[in-house]
1. Pairs under 9 Å by beta carbon, first residue farther than 20 Å from V196 by Cβ and touching a residue at least 40 places away in the same chain (Cβ under 8 Å) in the stretch 122-134, partner of a type in the set (K, R) and within 16 Å of the ligand (Cβ to nearest atom), six or more apart or different chains?
2. When you check V105 against the structure, is it near the ligand (Cβ under 10 Å from one of its atoms) and assigned to a strand (DSSP E or B), yes or no?
3. Output yes when any residue across the stretch 352-366 is out of contact with any Cys (no Cβ under 8 Å at 6 or more places or on another chain), of a type in the set (G, A, S) and part of a loop (DSSP other than H, G, I, E, B), and no when none is.
4. Only one of T401, T423, T447, T477 is crowded, with 20+ Cβ neighbours inside 10 Å and of a type in the set (V, I, T). Can you tell me which?
5. Which of the residues spanning the stretch 401-456 are small (G, A, S) and within 30 Å of V371 (Cβ to Cβ)?
6. Restricting attention to the stretch 132-148, report how many residues are of a type in the set (F, W, Y) and either part of a helix (DSSP H, G or I) or within 16 Å of the ligand (Cβ to nearest atom) (or both).
7. Sort out which residues of the stretch 211-227 are over 15 Å from W482 (Cα atoms) and of a type outside the set (F, W, Y), and write them in order of number.
8. For the stretch 451-473, what are the residues that are crowded, with 16+ Cβ neighbours inside 10 Å and either acidic (D, E) or more than 22 Å from D387 (Cα to Cα) (or both)?
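The values are calculated or read from the model by the stated rules, or taken from the named source; none is laboratory data. Keep in mind it's a predicted model, so treat the numbers as computed, not measured. So basically every Cβ, Gly included, is an ideal-geometry build from the backbone, and we count neighbours across all protein chains shown.
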Amino acid sequence: MATKLLLLLAIYRLIVIVGLTLDHPTDLIQTEIQLSFSLEDIYEASHDFGNMITTEPSGVLHPSSTHDVAKLVKLAYESPQGFPVSARGHGHSINGQAQTGNGVVVQMSGPRGLTPRPVVNEELMYVDVWGGELWIDVLNSTLMYGLAPRSWTDYLYLSVGGTLSNAGISGQAFNHGPQISNVHEIDVVTGKGDVVTCSDNQSSVLFHAVMGGLGQFGIITRARIALEPSPQRVRWIRVLYSNFSTFTHDQEYLISLHDRLSSQKFDYVEGFVIVDEGLINNWRSSFFSPSNPIKISSIAAGGNVLYCLEITKNYYQHSDRESIDQEVEALLNKLNYIPSSVFTTDLPYVDFLNRVHKAELKLRSKGLWDVPHPWLNLFVPKSRIDDFDKGVFKGILGNKTSGPILIYPVNKNKWDEDTSVVTPNEDMFYLVALLRSALQNGDEALTLERLSNENRQVLDFCKEQNIGVKQYLPHYTTQQEWMDHYGEKWPQIYKSKMEFDPRHILATGQKIFQPSF
Ligand code: FAD
């Protein structure tokens, strides 16, 4: 009975998809595009990490080559009715950005099929990877050559195409720039179905449009990523502050050292805000316990908010540990943290890079991973970060956060102005990430409604106070909001869309352009 139902559903979906291409009803067969209509694939493609929005596609393509992707997009572009096509990496968006209704999701990541494997060029220190490759797999393949990418995200189970469509940032960004500043070239399937190889000096308009382009201008099928000799170990340090200005002063000082020799700077600078009673239910908390148990009340003088600076020093197996100690000591001596609050650990580089996965497994085991995630990520100009602290960390957010609140500055000069990403117009700006999980455990402060309301209050506060924030991983629902988001970049965004995806086929889940059919 169940099999019959599945079959009927598959036939129904086939009719729908052929209906999308009525002028060429046999196109799908002639062009040998094998779509999947399986309930499992449709379910997967309709969901994401945010767990708040579901949109069902009519079919799913598991491509094994750039050619497969190009065939599908060409079909969508050339058929009079047209249909939307959305690339989906690992589906770790928050608001349905990789979903599409009545169209086809191209599942770029997934069980390894026939997609090209990473190819490392040791001499020129780069790796060519499939657009759906997960960063963890990129790392594993380059480590075999003693090499590794330079710029990361905190979590490695994200696809290359997915993070390059946003920017890809972590604590190395102050030094190396975001991941989009560490890509030599890409292969892209445009919204017309054309395959274009592009870079800073070849088809550069398309290259810049696609970098941070939210999937609007093309599907990245290959990326050439810059590598460096991989460190083997990491000294990972956390220090606490109760004074926000001292905390940000130290963060800004540390990132101002980006041009120094590697022995004179840290390799990673991040930070987070602690507003919880204890350091609980927080990806970052495991570091402190059980060997380093800590309670805010024992350390916070006055207010309830603490700030944690997180820094690392990478080193090689053959490095002299004593000189690493000295380098770290010299840098720490320049900082003004609470003296008794230094927490240090030493671990393999890979374990450091893959640290969030450990937390993921823990949360999964408690059923706390597949919950709604009303995340809000903002770029805040350096000049207004104090106002943001007063209004948001010490104001709007209560003393229960249910997830990490990250805060760290980056140097604007490491970002290429020509890409599609929008950042505040100051030399330094902060990433503030409210990475909260909605819980149905009876705690009113942690419901989806409550957290979403708080997010709205944060955005309203920033608007009223004219703080000049820009959303990272932006989410808007009207074109006017998108025009405001892009500001001066909007005319170029619009022009590139008309040139590379004139029928607005691609990544409709971002809700920037309505499909023209
Ligand atoms: P998807 O959600 O699958 O897609 C995102 C968008 O990109 C969609 O619009 C989709 O159509 C488009 N897209 C996907 N693949 C392609 C492609 N090949 N070509 C063109 N467009 C494509 N971000 C950071 O910068 N730093 C972090 O430290 C960080 N940590 C995170 C931790 C977790 C646990 C999670 C869930 C997210 C984190 N993110 C971080 C955000 C993450 O980078 C983005 O959500 C990213 O889009 C996820 O990649 P994905 O492969 O899951 O993309």
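1. Close Cβ pairs (under 9 Å, with a partner that is of a type in the set (K, R) and within 16 Å of the ligand (Cβ to nearest atom)) amount to V127/R224.
2. Here the answer is yes, as V105 does meet what is asked.
3. Among the residues of the stretch 352-366, not one is out of contact with any Cys (no Cβ under 8 Å at 6 or more places or on another chain), of a type in the set (G, A, S) and part of a loop (DSSP other than H, G, I, E, B), which makes the answer no.
4. The conditions single out T401.
5. S402, G403, A433, S437, A438, G442, A445, S452
6. Residues that pass the stated criteria total 1.
7. M211, G218, I219, I220, T221, R222, A223, R224, I225, A226, L227
8. Of everything in the stretch 451-473, those that are crowded, with 16+ Cβ neighbours inside 10 Å and either acidic (D, E) or more than 22 Å from D387 (Cα to Cα) (or both) turn out to be E454, L473.
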